[in-house]
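Colleague: This is the structure I have questions about; it appears just below.
The values are calculated or read from the model by the stated rules, or taken from the named source; none is laboratory data. None of these values were measured; they are calculated from a predicted model. Cβ atoms come from the backbone with ideal geometry, glycine included; neighbour counts cover every protein chain shown. We work out accessible area using only protein heavy atoms, side chains counted, and drop any ligands, DNA or RNA first. Shrake-Rupley method; radii C 1.70, N 1.55, O 1.52, S 1.80 Å.
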Amino acid sequence: MGMIYNGGVPLAGAVRSDFVESVHRGSVVVLGPDGAVTASAGDVEAPVFPRSSNKPFQGIGMLRSGLRLADPADLAIVCASHSGEDVHVERVTALLRGAGLDESALHCPPELPLSEVAAAAVLRSGGGPSRSRMNCSGKHTGMLLTCLAAGWPVRDYWRPEHPLQQRLRAAVEELTGERAAAVGVDGCGAPVLAVSLTGLARGYLRLVTAEPGSPERAVADAMRAHPVLVGGSDADDTRLMSGVPGLLAKSGAEGIVAVAAPGVGAVAIKIDDGAKRARPPVLVSALRRLAGSGALRQATVLDELAELPLYGGGEPVGAVRPLW
């Protein structure tokens, strides 16, 4: 067993009526454009499960294994944690249909959309949970198509010992520069590999600085060109990539997020209690430590995400704010 994550330091606080009501602890690492650590807090060297922040690395592993997609938008959905809106489901369904498959081939569990609006629409129409609306359906579709392209069996494609997963593990380890410290089962049923926050951030920086035409650059470019497919109408990742030119962003469950921009640097964060609400203010605080980035300093989306309002009686009475 590898190093154990020892937890972090106070990174964000819920301040209600000028009283600190709750504190979110965690760890964060900030890298400069050369990959050197310029700021950090908490435990940034011990492994954590990056959850869906591993998806860009897995997408690269699929391309290296023979996956070919005519439209970069399809590559974006393969790397997505989508909100289950119609635009996402239609693309997943089209990819499956083009390969002679349907959603029954997906191992990810049936779920309602992450988007509350999309979920309500599904229920109003008499529908229910489905595999294609599950946020990882694009990744699983990409895995199936990669198996077909490589001549591997699609049966049990999600199991760690399958040739596909072995290739994806090799990609994650090579891109992060670390051996996986642990192999777990992600929420979608596919393997999730533990690496450090520092390794995660360096992997993202490698994607945005890769040569044009490389699998690394193809993934970064596809995600940045189609941010709505990566997240959804109201997703933080979508808002960040839409609002900051050149920024690559991908969050994961349990309080994980990683971002990078060429010539600027990279950030990776783990919130110890898994709270989604703590990620945006901590991320904004970290990004603002990256000196010399005009695009970051001028991006209004950072002002929008810097604090999460708290309400009392329907009126704003405080906010979740960074403590670091």
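Colleague: Of all the accessible heavy-atom surface of the chain, with the other protein chains kept in place and a 1.4 Å probe, what percent is carbon and sulfur?
Modeller: 52 percent
Colleague: Shifting gears a bit: Could you give the distance between the Cα centres of the stretch 62-91 and the stretch 159-197, to the whole Å?
Modeller: Comparing the Cα centres of the stretch 62-91 and the stretch 159-197, I get a distance of 20 Å.
Colleague: Still on this model: Please give me the summed charge of the neighbours of Pro113: other residues whose Cβ is under 15 Å from its Cβ, Lys and Arg +1, Asp and Glu -1.
Modeller: Neighbourhood net charge equals -3.
Colleague: While we're here: For the chain, can you list the cysteines whose C-beta has no other cysteine C-beta under 4.7 Å from it?
Modeller: Those would be Cys79, Cys147, since no other cysteine Cβ in the chain comes under 4.7 Å of theirs.
Colleague: Mind listing which trypsin sites (Lys or Arg not before Pro) in the stretch 93-155 are in a DSSP loop and have 14 or fewer other Cβ atoms within 10 Å?
Modeller: When the trypsin sites (Lys or Arg not before Pro) of the stretch 93-155 are filtered for loop state and at most 14 Cβ neighbours within 10 Å, Arg155 remain.
Colleague: Using the heavy atoms of the protein chains and a 1.4 angstrom probe, tell me the accessible area per residue for the chain in square angstrom.
Modeller: On the way: 13260 Å² over 324 residues.
Ligands and nucleic acids excluded, the figure is 41 Å² per residue.
Colleague: Using a Gaussian network model of the chain with C-alpha springs under 10 Å, which one of Ala222, Ala194, Ala210 is most mobile by mean-square fluctuation?
Modeller: Of Ala222, Ala194, Ala210, the most mobile in the Gaussian network model is Ala210.
Colleague: Okay, moving on. Let me confirm the definition first: pairs of Lys residues in the chain, 8 or more apart or on different chains, C-alpha distance under 14 Å. How many are there?
Modeller: The result is 5.
Colleague: Just going by the charge dipole of the chain, with Lys and Arg at +1 and Asp and Glu at -1 on Cβ, which of Val230, Leu305, Leu205 is farthest out on the positive end?
Modeller: My answer, from the dipole projection, is Leu205.
Colleague: Which distance in nm do the two modelled labels at Ala94 and Asn6 give, with both placed 7 Å along the Cα-to-Cβ direction?
Modeller: Spacing of the two 7 Å Cα→Cβ label points: 5.1 nm.
Colleague: Angle between the Cα long axis of helix 197-208 and the longest principal axis of the chain, 0 to 90 degrees, nearest 10?
Modeller: 60 degrees
Colleague: Turning to a different aspect of this structure: Taking amide H atoms as placed 1.01 Å from N in the peptide plane, list the residues 5 or more away in sequence, or in a different chain, whose amide H sits under 5 Å from that of Gly318.
Modeller: Ser17, Leu310
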